[in-house]
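A short write-up of the structure that comes next.
The values are calculated or read from the model by the stated rules, or taken from the named source; none is laboratory data. Just so it is clear, the model here is predicted, and its values are computed rather than measured. When we count neighbours, we look across all protein chains shown, and the Cβ atoms used for this are built from the backbone with ideal geometry, even at glycine.
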Amino acid sequence: MNKKSFLEQFILFDDLRGDETVRKAATIFEAFENQKNVSRFEAEYCGVQRALLAAGDELAAASGALWQNYIAALVAASENPFSLSAERGKKEPRLTALAALELPLIRKICLWNWTAVSEFFGGPASCVAVWKGSSEVSAKRALLRDCLLIEDGSEADALFSYYERYGSGVIEKYDAFVWNGKLDGVARYDAVSFSQLIGYAPQKEKIIENTAFFVNGLPYNNMLLYGDRGTGKSSCVKALLTAFKERNLKLVSLPRDEIGDLPSLTAALSERGCKFVVFIDDLSFEENERGYKAFKSALEGSVRGQADNVLICATSNRRNIIREVWKEREGQDDINLNDGIQEKRSLADRFGLTVTFGAPDKQAYLEIVRGLAGREGLKSADKLEAEALVWATRQGGRSGRTARQFINYVKGKTASEAIL
């Protein structure tokens, strides 16, 4: 095998050709194939082992041999014309044909006999080590490995289906992101579920229904969730990822300071094959800010229009988002005053669905406390309720957040007393 002619054949999957670990491995197997100066490549062999161990946490998340997991991870991470078109469900015959030519090369790399190499060098055998990973990751990686090992000519179609289902690159790897001029994946996001959120059933129903329209390709509305602090607005948005993750939904957090990037973000997301909820938490503008005009245009009214795979969901403690002050009303006639007020209030109107979260009354607050206490296995409900009301008074008001903080306090106190 000629190392250069073999790896240089990659066009679509250039990531493999450029990967240092793959190149070291190719050097080793070239020597083994030619039975020439094999012992001189021990440094390359150890370098491959170190690379696999360095990526161990990620590779070990999937069951199977580390080497095949490593190659599968490179293929999953490859954002090339074939993978990106497959992600959008658009089959290009030219790209499919090219992928069909390269996949046998990838299969050959996957099937390199590391057992013989490890026996020759008498060193660590992490390349052939088999790990048992988490079920979710293992199932996905096992499916991709199966695609790479097909030999009946259907491998390109199988890989196309994989990219269409899971995406490629950073989209394949993560479900949640933060936008910082680019998509930064969040490995451990706050996995909230709607079943954990007690109360606010009508609000949750509206949010879930609208999102179901969105993921099913039906007409939908951008959402504004507004109301009192600590009432579960942000948690409801995060719960959408848990509820619709299997329907190819991703969550992208857009920080308040990056809100001017909304047009760039939606343009970038429009090129991908998944559905995205763009989450803007605690959205508000001061009276002297003018950034809201660009944001309003990005929501609705821009020539470009909003991508049909993007749903914008914002939370706010203000119904009108932009703070109004009385001094604005001074020295203005009725017409100009009304124009200014309407201009600011029109931003909230750009959200087609507004869901209101009010502070819970006493009974609703105690219902949340009881639900959380029962979930945590805490007893003495009557005593807890009395303490919970005192806690809410000290914390400045009743809310789901206050109830959660109270239960955390009780759990900590109970555990501390048990130790003592």
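For this structure, a couple of remarks:
- Note on the range 185-211: residues that are closer than 14 Å to K250 by Cα and modelled with pLDDT of 95 or more amount to 1.
- Within the range 229-261, the residues that satisfy the criterion of being under 30 Å from G396 (Cα atoms) and touching a Ser or Thr at 6+ places or on another chain (Cβ under 6 Å) are G230, T231, K233, S234, A239, L240.
- Selection of the range 350-366 for residues being surrounded by fewer than 22 Cβ atoms within 10 Å (Cβ to Cβ) and among the β-branched types (V, I, T) yields T354, T356.
- The residues of the range 187-209 that are surrounded by 15 or more Cβ atoms within 10 Å (Cβ to Cβ), outside any loop (DSSP other than H, G, I, E, B) and not charged (D, E, K, R), listed by number, are F194, Q196, Q203, I207, I208.
- Selection status of S83, part of a helix (DSSP H, G or I), touching a Ser or Thr at 6+ places or on another chain (Cβ under 8 Å), in the same structural domain as V48 (by TED's automatic domain parsing) and buried (at least 16 other Cβ atoms within 10 Å of the Cβ): yes
- Failed criterion for G181 (all others in (1) in contact (Cβ under 8 Å) with a residue 40 or more places away in the chain; (2) within 24 Å of L299 (Cβ to Cβ); (3) surrounded by 18 or more Cβ atoms within 10 Å (Cβ to Cβ) hold): (3)
- Of the set (1) crowded, with 17+ Cβ neighbours inside 10 Å; (2) under 15 Å from V278 (Cα atoms), all apply to P255 but (1).
- Scanning the range 375-406 for residues that are among the basic types (K, R), out of contact with any helix residue (DSSP H, G or I) (no Cβ under 7 Å at 6 or more places or on another chain) and not in a helix (DSSP H, G or I) returns a single hit, K379.
- Among the residues of this structure, N222 counts as one that is modelled with pLDDT under 95, touching a Cys at 6+ places or on another chain (Cβ under 9 Å) and of a type in the set (S, T, N, Q).
- Residue within the range 382-393 that is modelled with pLDDT under 80 and exposed (fewer than 15 other Cβ atoms within 10 Å of the Cβ) present: yes
- Residue check for E155: within 17 Å of K250 (Cβ to Cβ), assigned by TED's automatic domain parsing to the domain that holds K90 and in contact (Cβ under 8 Å) with a residue 12 or more places away in the chain: no
- For the range 210-217, the criterion of being surrounded by fewer than 17 Cβ atoms within 10 Å (Cβ to Cβ) and in a helix (DSSP H, G or I) is satisfied by at least one residue.
- Within the range 331-375, considering residues that are at pLDDT 85 or above and among the polar types (S, T, N, Q), the one nearest to the chain's Cα centre (by Cα): T354
- Subset tally (residues that are under 35 Å from the mean Cα position of the chain (by Cα) and of a type in the set (V, I, T)) for the range 376-414: 3
- Which numbered condition V237 fails, given (1) surrounded by fewer than 19 Cβ atoms within 10 Å (Cβ to Cβ); (2) touching a residue at least 60 places away in the same chain (Cβ under 8 Å): (1)
- Residues of the range 86-109 satisfying the condition of being surrounded by 17 or more Cβ atoms within 10 Å (Cβ to Cβ), closer than 18 Å to R145 by Cβ and among the charged types (D, E, K, R): E102
- Any hit, the range 24-35, residues being over 25 Å from A187 (Cβ atoms), in the same structural domain as L98 (by TED's automatic domain parsing), outside any helix (DSSP H, G or I) and at pLDDT below 90: yes
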